[in-house]
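Encoded as structure tokens, the structure appears first; notes follow it.
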Amino acid sequence: MRTHERQVGSDSPGQSSRAVALSILLLSRRTDDALDDLLEQQAASVLQPRDRSLVMELVYGVLRRQETIDWRLDAVLAKPLHRLPAVVQMLLRLGAYQLLFLDRIPASAAVNETVRLAKSYAKQLRRDWSGLVNGVLRNLIRVPAPPFPDPAVHPARSLSVRYGIPEWLTERWLNRMGLEQAESACRASSTVPSVALRVNCNRLTREEFLERLRQAGVAAHPTAVSPVGVVLEKGQEVTSLPGFQEGDFYVEDEAAQLIPPILDPQPGETVLDACAAPGGKTTHLAALMGYRGTIYAVDRKTSRMDLLRHNCGRLGIQSVVPIVGDVRRPSEWCGMIARKVNLHGELPLFDRILVDAPCSGVGVLRRHPEAKWRKDSSAFVRHQKLQAEILASVASCLRPDGVLVYSACSTETEETAEVVHRFCEAYSGWMSESVAPWLPTPALPFVTIRGALSTMGNDCGMDGFYAARLRKK
């Protein structure tokens, strides 16, 4: 089962990358902060690039493979893993991940460094657990791996262990889709994502950008589905790529690149991006409009809107008007727009509206593996209420014959098709349209029988996204 990764032995003197990884893993259980943010906060103390890379590999690897790791550990533990202190649980996972999945880390280094880290927690835990950690990890090396659970007998458990997906979610997918499609969804949710870029076609063509990368020695290839995407063949710091400062590209998954063209914004129109930050789809909409017209970008978090402003600035976009406010409360943002365009108290009317709704993020679990262990099925109902409120609040702001696109990075019906269906039932005068005319040919297999876009369980290396197109009669 061990695969690849860097040749790494002991941590650099004075800079324990494993200790930093452990602290991030423990923090990820106590906070709702995104893993990227935790890494940025905690890994600053790790000065060497090689050690920072190890921190990222360990943190993401443990969380991606946790269900598999726990299954292997339970087979060599005298008592269930969950009965051990949280720090000891995570120490064992950290060591086990290196033994099971990182073949360029010597087994002796993986065990010894984890044992040394366990000793450093003896005072805090009021007990030295290093002996147990040492014994369990050495048993993991010595004892042959048990066979995976039989999918014919325990299908949910089998998928959970094989792909590192929580069992409540594999059970849900099995009930909804059957074994074959559920396994495809699990596989897509557990793969390590590539870095995809959206080319700023107002500055250069995709072919010209690929040539710039080739001249810089960066291996890349065109995306298979999106006509404006590029995939890097090896992970690297995107800020060092040619054209970053000039605004030649934006880092964005291929599936997300398919959403703005469904709205089909035209030059000179007035568009509302209702949940805009950090600006990926906002900037894509602006590019599709040739930077002519106005996009009002609303989001309720100031820090995230700062990211949107930064992204617009880097891409040279001046047609976006950022507004901080809760889109569910028009009084917080409509007034600002009305004052800008002298509406004298009237509600603004938009030609097109994009609602890229907050959701569970089940479609992007491979990018945010920490989310797997923070959610349960109750999250879908909570998000559905929020999504319905957002749609209701913007419905009156669309002009007659205007277009609204509802999208979410979720694969679950409560947050996708059900939201759209209930909205159309509750508000007369709205009709759904097939998204097919606005998709590139390679994306047509992802059009559902109801005419929406769903990339769930795709084998093209894309995230799981949903989008529906509605027209106001």
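Listed by first and then second residue, the pairs with beta-carbon distance under 8 Å, at least 6 apart or on different chains, first residue in the range 123-141 and touching a residue at least 60 places away in the same chain (Cβ under 8 Å), second outside any helix (DSSP H, G or I) and surrounded by 14 or more Cβ atoms within 10 Å (Cβ to Cβ), are VAL136/VAL76; VAL136/LEU77; ASN139/VAL76; LEU140/VAL76.
Taking the range 254-270 on its own, how many of its residues are in contact with a strand residue (DSSP E or B) (Cβ under 6 Å, 6 or more places away or on another chain) and surrounded by 21 or more Cβ atoms within 10 Å (Cβ to Cβ)?
Residues that pass the stated criteria total 6.
In the set (1) touching a Cys at 6+ places or on another chain (Cβ under 9 Å); (2) within 24 Å of TRP373 (Cβ to Cβ), the condition left unmet by ALA224 is number (2). Among the residues of the range 67-122, those identified as in contact with a Gly (Cβ under 7 Å, 6 or more places away or on another chain) and either closer than 30 Å to TRP168 by Cα or among the aromatic types (Phe, Trp, Tyr) (or both) are GLU67, THR68, TYR97, PHE101. Filtering the range 232-253 to residues that are closer than 19 Å to CYS460 by Cβ, open to solvent by 20 Å² or more (accessible area, probe 1.4 Å) and in contact with a strand residue (DSSP E or B) (Cβ under 7 Å, 6 or more places away or on another chain) leaves GLU233, VAL251. Counting only residues that are among the hydroxyl-bearing types (Ser, Thr, Tyr) and either free of Cβ contacts under 8 Å to residues at least 12 places away in the same chain or more than 21 Å from MET456 (Cβ to Cβ) (or both), the range 383-416 holds 2 of them. Give the range 424-445 a look and list any residue that's outside any loop (DSSP other than H, G, I, E, B) and in contact (Cβ under 8 Å) with a residue 40 or more places away in the chain, or say none. Hits for the range 424-445 are CYS424, TRP430, MET431, TRP438, PRO442, ALA443. Screening GLU414, GLU425, GLU433, GLU389 for residues that are under 25 Å from ALA188 (Cβ atoms), open to solvent by 20 Å² or more (accessible area, probe 1.4 Å) and among the acidic types (Asp, Glu) leaves exactly one candidate, GLU414. Within the range 260-278, track down each residue that is of a type in the set (S, T, N, Q) and farther than 23 Å from SER226 by Cα. Correct list: THR270 only. Residues in the range 362-376: is at least one over 24 Å from SER28 (Cα atoms), open to solvent by 10 Å² or more (accessible area, probe 1.4 Å) and within 19 Å of the chain's Cα centre (by Cα)? Among the residues of the range 362-376, not one is over 24 Å from SER28 (Cα atoms), open to solvent by 10 Å² or more (accessible area, probe 1.4 Å) and within 19 Å of the chain's Cα centre (by Cα), which makes the answer no.
The values are calculated or read from the model by the stated rules, or taken from the named source; none is laboratory data. The model shown is predicted, which means the values in this text are computed figures rather than measured ones. Quick reminder, even Gly has a Cβ in these numbers, built from the backbone with ideal geometry, and neighbours come from all protein chains shown. Areas reflect the complete protein model, heavy atoms only, side chains present, ligands, DNA and RNA absent. Shrake-Rupley method; radii C 1.70, N 1.55, O 1.52, S 1.80 Å.
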